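What follows is one structure encoded as structure tokens, with my remarks underneath.
The values are calculated or read from the model by the stated rules, or taken from the named source; none is laboratory data. This is a predicted model, so every value here is computed, not measured. Cβ placement follows ideal geometry from the backbone for every residue including glycine, while neighbour counts extend to all protein chains displayed. Remember, those area values only see protein heavy atoms, side chains included, never the ligands or the DNA or RNA. Shrake-Rupley method; radii C 1.70, N 1.55, O 1.52, S 1.80 Å.
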Amino acid sequence: MQYMLLIYSEEGREPQPGTEAFGKYIQAYQAFSQMCVEKGVMRAGDALQPVSTATTVTRESGKVEITDGPFAETKEQLGGYYLLECKDLDEALDYAEKIPTAEHGRVEVRPLMVFDH
């Protein structure tokens, strides 16, 4: 079954570029990604650009509205994701706890509904 691991954190709370901590943080992400590839569970995964680059589209009663920024005004924003093929939720949760951002943010784990196209 495929699980989406959605990575949320408050922008600026993670280690910042140019610091020693940032180098270790990126290395931890690279190691996690490599582990997922080696175990054969990796389907996709990427970081997102900062929330300031977001554009939100809504449509109500046929009227389209486009606004700059994210849909929700929250402290934590979606910063990236992993799409993993796991045998069950327990395995997906085991991977989620290893994501470096789990130390200062949150990782939401959700099973995918896969539709035949």
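If you check Leu6 against the conditions, is it surrounded by 15 or more Cβ atoms within 10 Å (Cβ to Cβ), under 21 Å from Arg110 (Cα atoms), modelled with pLDDT under 95 and under 18 Å from the mean Cα position of the chain (by Cα)? Here the answer is no, as Leu6 does not meet what is asked. Checked against (1) modelled with pLDDT of 90 or more; (2) over 19 Å from Glu97 (Cβ atoms), Ser33 passes all but a single condition, namely (2).
Highlighted here are the strands (runs of 3 or more DSSP E) found entirely within region 38-112 that include at least 2 residues which are at pLDDT 95 or above and open to solvent by less than 80 Å² (accessible area, probe 1.4 Å): 42-47, 77-85, 106-111.
For Ala28, state whether it is part of a helix (DSSP H, G or I) and in contact (Cβ under 8 Å) with a residue 40 or more places away in the chain.
yes
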